[in-house]
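The values are calculated or read from the model by the stated rules, or taken from the named source; none is laboratory data. The structure displayed is predicted, hence computed values, not measured ones. Cβ placement follows ideal geometry from the backbone for every residue including glycine, while neighbour counts extend to all protein chains displayed.
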Amino acid sequence: MKRPRKGARRPPAARHPRKRPPIEAILAERGIVRATLAGIPKRDRADVEQEVFLGAWRAVRRGKYRPDPKDKPRDALRKWLHGIAWRQASKYFESAYVRRAILHAEPLGLLRGFVGVNLDAQIEARDLLRAIERLEPRHQEILLAVDAPESLSAYAAQRGMSPFTAASRLRIARAMLALRIRRWRR
């Protein structure tokens with residue numbers, strides 16, 4: 001019999017038989033996964049949770065889930081999912097997206113000192129506003145609704161129309177604006 005490597009407290013996981021818990025059993029342990037991912041911002045937590053369950057299911061399918069037979073099946077599954085969630089959380093915090101995030105009340109305010117005034121962009125913006133001003137009011141309204149914080153479907157619901165109708169009107173308004181700009185630039 002081989003001697004365990006120096007410093008090893010347990011035998012390697014490969015010595016235990018493979019198990020294939022059903023996906024329902026894995027998903028039933030959502031509480032332990034959510035508790036492990038509690039430090040991740042809410043906007044990203046669902047994505048990381050999804051990665052945990054996908055990773056766990058892929059590992060089960062590859063035969064990587066080998067719990068110690070001495071442990072209760074549910075406890076072994078919970079410990080294993082906690083480990084996967086812990087690793088996914090560490091991957092999240094080590095990602096470039098998270099490490100390079102700069103929190104500032106006015107993010108573009110940081111660049112003001114470095115970026116000069118672009119007169120061409122200002123003139124073009126004024127021309128676009130004039131072109132929008134010359135459109136019919138219904139086209140103006142739908143074009144300006146795109147910039148609103150509400151979604152297009154919420155805009156449509158407030159006005160009692162189908163989201164598809166709102167999307168069609170937006171497409172028509174964009175075409176009219178493009179036509180107006182083309183005529184103006186000639």
Regarding the range 114-135, can at least one residue be identified that is modelled with pLDDT of 80 or more and in contact with a His (Cβ under 7 Å, 6 or more places away or on another chain)?
no
Matching residues, the range 13-42, being outside any helix (DSSP H, G or I), hydrophobic (A, V, I, L, M, F, W, C) and within 20 Å of the chain's Cα centre (by Cα)
37, 38, 40
Of the residues in the range 136-162, those that are in a loop (DSSP other than H, G, I, E, B) and either under 27 Å from the mean Cα position of the chain (by Cα) or at pLDDT below 85 (or both) come to 146, 147, 148, 149, 150, 151
Sole miss for residue 63 among (1) at pLDDT 90 or above; (2) closer than 12 Å to residue 21 by Cα is condition (1)
Across the range 64-95, what is the number of residues that are among the aromatic types (Phe, Trp, Tyr), surrounded by 16 or more Cβ atoms within 10 Å (Cβ to Cβ) and outside any loop (DSSP other than H, G, I, E, B)?
2
Is there any pair with a first residue in the range 64-86 that is over 15 Å from residue 53 (Cβ atoms) and a second that is of a type in the set (Lys, Arg) whose Cβ atoms are under 6 Å apart and which are 6 or more apart or on different chains, and what are they?
66/18; 67/19
